[in-house]
Amino acid sequence: MKSPMQRILLTGFTVILAVFFVTPLLWFVFAPFNPQASLSVTIPQSPSLANFEEVLSNEMAMRGLLQNSVIIGIGTMVGTSLIAALAAYGISRGTLPGRKILTYVLILFSSVVSGTASMVPIFKLIYDLGLIDTHIGVILVMIGGSIPSAIFIMQDFVESVPRSYEEAAMVAGASPLQIFRDVTFPVMRPGVLVVGIWVLVGAWGSFLTPFILLRNIKLMPASVTFFLFYDLESGMPQIRLISAYAVLYTIPVLLLYLLINWRYGFRFFGGIKQ
Amino acid sequence: MQKAILSRELSLLFLAPALVFIALFLLYPFFSIIQMSFTNQTLVGANAINPQNVGFQNYVELFNTKDWMRQGEMGHSLWLTVQFVIGSALIGQAMLGLGIATAFNNRKGLLREIVFTLAIAAWIIPDVVVAFAWFAYLDPEGTLNMMLQAIGIQPLDWLFDYPMFSIILFNTWRGTAFSMLLFSSALASIPPSYMETADVIGASPWQKFRDILLPLLRRYIATDLILITLWTFNTFTPFLLTGGGPINRTNVISIYTYSVGLRFFEFGKASAIAVVVMLINLVLASIYLFVSRNQQGKTA
Amino acid sequence: MALLGAGHHVYDFDEAKWIVSSPAILETLELFKTIYIDEGLGEVRWQLVQNGRDLSFEAFSKGEVAMLVEGDYFWRGPIAPETGNYAMANRNEVVNFAMMPAKEPGSGYRGQDFVSASGGTGYVLNPNTAHPDLAWQLLTYMFSKDSVDALQVLQPRIRARTDVSVPNDEVMTRIASEVLPLSTIRPQLPEYNQVSAQIQLMTERIVSGEMTPMEAMEAYDAAVTEIVGEDNVIRIPLD
């Protein structure tokens, strides 16, 4: 079935795609090690770790990266995964009217609400709940924003779990919550993890929500503490430091992806159904 | 018709935590935005404390026929957004994603891993940092021009002379992974026997693609288009690259909303834009669904 | 800055109105046209792309640009020896500031020979505070000579007090004493952000060659009038 011609074509296609996807990232390979880094790809004349040393010695930036981003990211990941898994199960195994269209409508809602205009009501809401300047406030808003898409993707994983498992458990006299906890959830766990990582990556990169809801620099995640490497007066970036911080900031999510990909394959199981 | 495992009450119970979040963090802000879109709420000045109800004034201003195609106004911005969505979402992400998924369908091995890993890396790198690398890529003396020169093409000043093409290329690069993943899952669910039968009859690759894969993929294509159109309407990352310029030439709707909302602090008007954008997406989503179902009916 | 050199501000502080059309605006736009279009003395690209200012700093630090219009920030930030992003080790020998001349002596803003525009950080007392006296005491302390002198050790720069100099920096000290008295500020009004965007757009239209100075000023007039209202604008007749 695979002729040599096809083989060559595919290899050619792969090379073109690899070049397309990887060349824009070359800057990240050189700039962090260049004490005179600018907005161009230049091989450092005297490569050094000076940029990293300066970034690593910035206590607030490291706290943002190693502590706050981790708390916010994992909190959002765990919350969203659990709630979306429950909801997807409820939608998939129940008979709610309009359930097929429900997630689309929710995703439309979430797109409006993720925009800049919604920051006013979101701020008021979190203020009224007494959660301004807390991690939990940021986590709640992020969970709210990511739930529709998470349910949407999660529904597929639920569908891929054979119903016969659950029916067998039902015959054995298990309660619905037991069935979900002991039968369905363990089977769909890779799916939950994939959605979880997807949410974590989103939360890791999210800027606007923490920027608006947090005041104390000790609480701000790395996406916001980037401003430590901007000149506050002019708004100009200090490029050599930004490049080093960017690499430190990106590596955890890349590694997580590679881990998940190696363990489970980062894809949508079973296909997206309408 | 499958038998329901959960009763209606029980399935609502499973949905309850999600519904609480949806009510608080989606519905409440959603209705606040609709309400705010009928006021002259601002962040600074007198209207910040006592916003007035202005009826449909914000909407009328947005669709002010005299000026609305002027640079930096709503109509001009919508037109740019149409180019951006067609270029980067429909042609770029969806076609390239479908192409990659089809080429690597039923294949395993190093080539597939390389392409998938790189595409996903481009997808998950956080927004805040990605623009810096792209300045270096698109600079007149940048990596892209170096590559083009190597194959004998004159260097171009991408961000300055071709800003719209630049952000289309950027958004394609950034978002293709999603369509690629979605379509490759969809293709994996098609029984290999279909293709084998076609091989026996002696169908060409294009015939196989058109007559077997495409009809089976219609619904997935609709799902993909709905999501990526919506996301492309809302993506703000091109701002980091062009700031909406030069001279408003990339002032797509997300950047327009940003200027109105967070630069000029006119929250009433920004809310009205958000509502209009949602309605446009609602219409587009309905069209995608309608077309995919109609076609499905004809071919079945 | 160029507009100030041609004789007036974007805002008339006495009348509390925006000046949307005047011979000075037109002259300023003509100057930009001369520099960027007719004689090609400035890099058009840097005025129009997002990272243009960065690129201009880099080019200056490499000696590829002879002159930039920048403030004291440029001196103690980007090109500062050692700490700057575009550090110039020999900054003190090869870089200096010249005052911005008016079109002709005495024809600048307020009849000045030289002009300047400044920004800065302000501190305000919240009118709703429960402790106005304490807040006032704090601000008084923060701006006392002792505090500001102490701050100069950490972040040397031009300060609001005339009796505090910039330590070990003759260039900054000279700017503080000679230029600051001539300086003016941007109008701190709610609609300033929108007007500012229009000013930027007006200059970009010239620099890119998209509009003539007259067309760009007319477009600016129309846009600003729409933002602030017909009652809040002044038009100075053209000769």
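Under 7 Å between Cβ atoms, at least 6 apart or on separate chains: pull out the pairs that start in segment B:77-93 with a residue that is of a type in the set (K, R) and end on any residue that is crowded, with 19+ Cβ neighbours inside 10 Å.
Hits for this filter: zero, empty list.
Quick check on this structure: which one of C:G7, C:G52 is crowded, with 17+ Cβ neighbours inside 10 Å, assigned by TED's automatic domain parsing to the domain that holds C:T225 and at negative phi?
Testing whether each residue is crowded, with 17+ Cβ neighbours inside 10 Å, assigned by TED's automatic domain parsing to the domain that holds C:T225 and at negative phi leaves just C:G52.
Quick one: which helices (runs of 4 or more DSSP H) lie wholly within segment A:147-210 and hold at least 1 residues that are surrounded by fewer than 22 Cβ atoms within 10 Å (Cβ to Cβ) and polar (S, T, N, Q)? Steps first, please.
Working: elements: A:163-171, A:176-179, A:189-205.
Hits in segment A:147-210: A:163-171, A:176-179.
Looking at C:F60, is it more than 15 Å from A:M236 (Cβ to Cβ), at pLDDT 90 or above, in the same structural domain as C:H8 (by TED's automatic domain parsing) and not polar (S, T, N, Q)?
Values: more than 15 Å from A:M236 (Cβ to Cβ): no; at pLDDT 90 or above: yes; in the same structural domain as C:H8 (by TED's automatic domain parsing): yes; not polar (S, T, N, Q): yes.
So C:F60 does not fit the description; no.
Scan segment B:223-237 and tell me whether some residue there is in a helix (DSSP H, G or I), within 14 Å of chain C (Cβ to nearest Cβ) and within 20 Å of the chain's Cα centre (by Cα).
Quick first cut of segment B:223-237, residues in a helix (DSSP H, G or I) only: B:223-234.
Now drop any that are not within 14 Å of chain C (Cβ to nearest Cβ), which leaves none.
Among the residues of segment B:223-237, not one is in a helix (DSSP H, G or I), within 14 Å of chain C (Cβ to nearest Cβ) and within 20 Å of the chain's Cα centre (by Cα), which makes the answer no.
Return the pair list, or none, for Cβ contacts closer than 6 Å from residues in segment A:207-230 that are charged (D, E, K, R) to residues that are surrounded by fewer than 21 Cβ atoms within 10 Å (Cβ to Cβ), at least 6 apart or on different chains.
A:R215/A:D133
Step by step: first the residues of segment C:142-170, then only those that are in a loop (DSSP other than H, G, I, E, B), among the aliphatic types (A, V, I, L, M) and free of Cβ contacts under 8 Å to residues at least 24 places away in the same chain, then the one that is surrounded by the most Cβ atoms within 10 Å (Cβ to Cβ). Which residue is that?
Keep residues of segment C:142-170 that are in a loop (DSSP other than H, G, I, E, B), which gives C:143-144, C:155-169.
Remaining after also requiring among the aliphatic types (A, V, I, L, M): C:158, C:160, C:164, C:166.
Okay, now just the ones that are also free of Cβ contacts under 8 Å to residues at least 24 places away in the same chain, so C:164, C:166.
On the way: C:V164: 18, C:V166: 20.
If we take residues in segment C:142-170 being in a loop (DSSP other than H, G, I, E, B), among the aliphatic types (A, V, I, L, M) and free of Cβ contacts under 8 Å to residues at least 24 places away in the same chain, then C:V166 is surrounded by the most Cβ atoms within 10 Å (Cβ to Cβ).
Looking at B:I280, B:I273, which is the one that is β-branched (V, I, T) and surrounded by fewer than 23 Cβ atoms within 10 Å (Cβ to Cβ)? Can you show your working first?
Values: B:I273 fails: surrounded by fewer than 23 Cβ atoms within 10 Å (Cβ to Cβ).
Exactly one of B:I280, B:I273 is β-branched (V, I, T) and surrounded by fewer than 23 Cβ atoms within 10 Å (Cβ to Cβ), namely B:I280.
Residue check, B:L111 against (1) over 21 Å from B:F265 (Cα atoms); (2) within 14 Å of chain C (Cβ to nearest Cβ); (3) not small (G, A, S), all met but one. Which one?
Every listed condition holds for B:L111 apart from (2).
Suppose the filter is within 15 Å of B:F63 (Cβ to Cβ) and crowded, with 18+ Cβ neighbours inside 10 Å; does B:I255 pass it? Before you say what the answer is, go through the steps one by one.
On the way: within 15 Å of B:F63 (Cβ to Cβ): no; crowded, with 18+ Cβ neighbours inside 10 Å: yes.
So B:I255 does not fit the description; no.
Hey, can you tell me all the residues within segment A:65-89 that are farther than 30 Å from B:A274 by Cα, buried (at least 24 other Cβ atoms within 10 Å of the Cβ) and within 12 Å of another protein chain (Cβ to nearest Cβ)?
Passing the criteria: only A:Y89.
Residue by residue through segment C:207-220, note down the ones that are closer than 16 Å to C:V10 by Cβ and buried (at least 20 other Cβ atoms within 10 Å of the Cβ).
C:A216, C:M217, C:Y220
Test B:L156 against the stated conditions and say whether it is of a type outside the set (S, T, Y), closer than 21 Å to B:R249 by Cβ, at the interface with chain A (Cβ under 8 Å from one of its Cβ atoms) and without any contact (Cβ under 8 Å) to a residue 40 or more places away in the chain.
Numbers: of a type outside the set (S, T, Y): yes; closer than 21 Å to B:R249 by Cβ: yes; at the interface with chain A (Cβ under 8 Å from one of its Cβ atoms): no; without any contact (Cβ under 8 Å) to a residue 40 or more places away in the chain: yes.
No: the conditions fail for B:L156.
For the list (1) surrounded by 17 or more Cβ atoms within 10 Å (Cβ to Cβ); (2) not in a helix (DSSP H, G or I), I need the number of the one condition that B:Q154 fails.
That leaves (1) as the condition not met.
Checking the condition facing chain A (nearest Cβ under 8 Å) and at pLDDT 85 or above, which residue from B:A101, B:A94, B:A133 passes?
Numbers: B:A101 fails: facing chain A (nearest Cβ under 8 Å); B:A94 fails: facing chain A (nearest Cβ under 8 Å).
On inspection, the qualifying residue turns out to be B:A133.
In segment A:21-49, what residues are without any contact (Cβ under 8 Å) to a residue 60 or more places away in the chain and more than 7 Å from chain B (Cβ to nearest Cβ)?
First, the residues of segment A:21-49 that are without any contact (Cβ under 8 Å) to a residue 60 or more places away in the chain: A:21-26, A:29-30, A:33, A:40-49.
Hits for segment A:21-49 are A:V29, A:F30, A:F33, A:T42, A:I43, A:P44, A:Q45, A:S46, A:P47, A:S48, A:L49.
Every residue in segment A:108-136 that is more than 7 Å from every other protein chain (Cβ to nearest Cβ) and touching a Phe, Trp or Tyr at 6+ places or on another chain (Cβ under 9 Å), please. Quick ask: steps written out before the conclusion?
Start the filter on segment A:108-136 by keeping residues that are more than 7 Å from every other protein chain (Cβ to nearest Cβ), which leaves A:119, A:123-124, A:126-136.
Residues satisfying the conditions are A:M119, A:I132.
Restricting attention to segment B:262-275, which residues are part of a helix (DSSP H, G or I) and either more than 10 Å from chain A (Cβ to nearest Cβ) or over 24 Å from B:L227 (Cβ atoms) (or both)?
Looking only at segment B:262-275, we keep the residues that are part of a helix (DSSP H, G or I), and these are B:262-263, B:267-275.
Scanning segment B:262-275 gives B:L262, B:R263, B:F267, B:G268, B:K269, B:A272.
Restricting attention to segment C:171-226, and to residues there that are within 21 Å of C:Q47 (Cα to Cα) and not in a helix (DSSP H, G or I), which single residue is modelled with the highest pLDDT?
Ranking the qualifying residues of segment C:171-226, first place goes to C:T212.
Just checking, which of B:T172, B:T197 is crowded, with 21+ Cβ neighbours inside 10 Å and either touching a helix residue (DSSP H, G or I) at 6+ places or on another chain (Cβ under 7 Å) or not hydrophobic (A, V, I, L, M, F, W, C) (or both)?
Values: B:T197 fails: crowded, with 21+ Cβ neighbours inside 10 Å.
Sole residue among the options that is crowded, with 21+ Cβ neighbours inside 10 Å and either touching a helix residue (DSSP H, G or I) at 6+ places or on another chain (Cβ under 7 Å) or not hydrophobic (A, V, I, L, M, F, W, C) (or both): B:T172.
Which residue pairs have Cβ atoms closer than 6 Å, lie 6 or more positions apart in sequence or on different chains, and pair a first residue in segment A:81-107 that is among the aromatic types (F, W, Y) with a second residue that is assigned to a helix (DSSP H, G or I)?
Cβ pairs passing all conditions: A:Y89/A:V158; A:Y89/A:F180; A:Y89/B:F14.
How many residues are under 25 Å from A:D156 (Cα atoms), modelled with pLDDT under 90 and surrounded by 16 or more Cβ atoms within 10 Å (Cβ to Cβ) if we restrict to segment A:90-140?
Total satisfying the criteria: 17.
Can you tell me which residue among B:A46, B:A23 is modelled with pLDDT of 85 or more, of a type outside the set (K, R) and more than 24 Å from the chain's Cα centre (by Cα)?
Exactly one of B:A46, B:A23 is modelled with pLDDT of 85 or more, of a type outside the set (K, R) and more than 24 Å from the chain's Cα centre (by Cα), namely B:A23.
Just give me the residues in segment C:21-55 being under 27 Å from B:E141 (Cβ atoms) and not in a helix (DSSP H, G or I), in sequence order.
Matches in segment C:21-55: C:E39, C:G40, C:L41, C:G42, C:E43, C:V49, C:Q50, C:N51.
Of all residues in segment B:1-47, which are facing chain A (nearest Cβ under 7 Å) and in contact with an Asp or Glu (Cβ under 7 Å, 6 or more places away or on another chain)?
B:I5
Evaluate the following for A:L10: is it at the interface with chain B (Cβ under 8 Å from one of its Cβ atoms) and touching a Lys or Arg at 6+ places or on another chain (Cβ under 9 Å)? Before the answer, list the steps.
Numbers: at the interface with chain B (Cβ under 8 Å from one of its Cβ atoms): yes; touching a Lys or Arg at 6+ places or on another chain (Cβ under 9 Å): yes.
Spelling it out, A:L10 is indeed at the interface with chain B (Cβ under 8 Å from one of its Cβ atoms) and touching a Lys or Arg at 6+ places or on another chain (Cβ under 9 Å).
The values are calculated or read from the model by the stated rules, or taken from the named source; none is laboratory data. Predicted, not measured: the structure shown is a model, and the values here were computed from it. As a convention, Cβ positions derive from the backbone with ideal geometry for all residues, glycine included, and neighbour counts pool all protein chains shown.
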